[in-house]
Amino acid sequence: MSIRLRLAWAFLVMTGLVVLTGTALLFTQQVGERYALLGLRAARVGQITRELQVQLNRHLRAMDFFLLLGEASDRQRFEETGGEVRRILKEWQEVTTHEPSEWIDYRQVARAYDRFRQTADQVITLRAEAPGPALWQLLERPFLTESELLKRLVDQTVQQDLAGREAVSAQGRRVRQLGLNVALVFSALAILMALGLAWWIFRSVAQPLRVLIKAAESIGQGDLTVRLAMSRRHEIGQLALALNQMAENLERLQTQVIQMHRMSALGQVAGGVAHELNNPLTGVLGPAQLLKQQLPLGNPHREMIERIEASALRCRKIVRELLDFARPTKLEMEEVNLTALWEDTLALCHSDLSVHNITVQKNLLAGLPLVRGSRQSLQQVFLNLVTNAWQAMPGGGTLTITTRLVANGWVETLVADTGLGIPRQHLTRVFEPFFTTKETGHGTGLGLSVSYGLIQRHGGSLEAQSEGAGKGTTFVVRLPSVFALPAKGAGVSPSVSIGQTLS
């Protein structure tokens, strides 16, 4: 999983936990407000019921005094306290109209008071008109019953109010505690998630970045052998692979730069040596040829002179190769058909290939784009490669020539043999001047170096590939086609690759 996706998931989880925590806190706040309102209403109802209880007791005492003494002041006090009782019942009704109490019903108390008041009014009328046994019978039965019922109902209401308020308070505390517990749980989960995210960032981001920084510092100090092994499933792994590729490219470029400087230095030395040897060789070869002409056939000294001449000619050839390597001549550039050039080159080598029992397989792509180069120089390169190939197959073998079109308009030629192969430790040195794996007297070690320089001047690359000794060798020549070259008159930047590719 990529770092971006992991961070997205972590952000979503953290957001979800924060939302849940906020929801729990909001729910707790709303429930707290609701129960706070219920508590206020319950307190108001409790105040009303206590006030009702006090006024009702005064009301009943006033009635008792009136029945015993018959004083008008007691009746007036009874009426006044009755008005207070009705006012309290009305206020109770207003408080519980929208949200009726779950444990107290004011209507029951109001109905009981209405029945009591009807009975009381009848008693008052009888007391004023005809006091006697009938009054006391009425007092003994309905009046006393209603008054006791009303008093008991009011006392019960006060007790219910106290119990109800305790229940509301306890329920509110439980709900608030539950909301706080849920919020604490979600907060703890958010903290654990944050710690886990921090640990994951350290393990998946900070620690690999530290390794990348150390690797980059090592590469900056010149250690191009640094390689990092990381998964490609996230961006840092891809960065590590890119760093590995950069180190490989820098190592290859460093090898190329070293090779170029080495060849430049050797070219200067070779040029000086060639000039120093050329005059003495002329002084040896000229007299040897004159002596050879003067000596008749069969003269025992003629054979010695011929050996001197052959050795001098061989030395001259080496001197010419040194001069070609040291001071390349100007290339006459033209559009070259590589397929036709290979046909001509193989025709020139036909006799040598046949003598050494070499079978040629040609995989020349039809319609191959033309390349811009020197026909003579490219043929010299191909001749060197073919010569190296048949010399690497002393007992015969197969030479395979393949041409193909690769990316960006480049043309690639593969010269593969089934010969002795090149040891892996020698692959990076085959293009060095005077380096050869052949026996003494069978090569100067300049052919591949000259070919390398010529391909470089064409803006291409020359590469040797081999799986090791005894497994054949493949030389890969890459040249830009006319479609890949810059505009006419623009410079061609050389791009040379000396590498080791094991197939």
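Each value in this text was obtained by applying a stated rule to the coordinates, not by laboratory testing. All figures in this text were calculated on a predicted structure; none of them were measured in a lab. Cβ: placed from backbone, ideal geometry, glycine included. Neighbour counts: every protein chain shown.
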Residues meeting the amide H criterion for residue 372 (H placed from the backbone, H to H distance under 5 Å, 5 or more places apart or on another chain) are 336, 482
Fewest to most neighbouring Cβ within 10 Å: what's the order for 113, 452? 113, 452
Along Cα→Cβ, 7 Å out, is where each label goes; now give me the distance between the ones at residue 248 and residue 352 in nm to one decimal. 3.5
Which far-off residues, 5 or more places away or on another chain, put their amide H under 5 Å from the one on residue 419, with H placed in the peptide plane? 472, 473
Ranked list, fewest to most other Cβ atoms within 10 Å of each Cβ, for 28, 49: 28, 49
Along region 383-393, Karplus-curve 3J(HN,Hα) (6.51, -1.76, 1.60; θ = phi - 60°) to the nearest Hz, with x for Gly and Pro, reads 4, 4, 5, 5, 4, 4, 5, 6, 6, 7, 10
What are the residues whose amide H is under 5 Å from the amide H of residue 364, where those residues sit 5 or more places off or on another chain and H is modelled from the backbone? 403
Pop the C-beta distance of residue 36 and residue 235 into the FRET formula with R0 = 51 Å and round what comes out to the nearest 0.05. 0.45
Ascending count of other beta-carbon atoms within 10 Å, so fewest first, for 246, 393: 246, 393
Taking a crude spin-label model, label points 7 Å out from Cα along the C-beta direction, the residue 344 to residue 366 distance in nm is 2.3
Can you give the extra length, in nm with one decimal, that the chain gains between residue 471 and residue 180 once fully stretched, where that is 0.36 nm per residue apart less the Cα-Cα distance? 97.0 nm
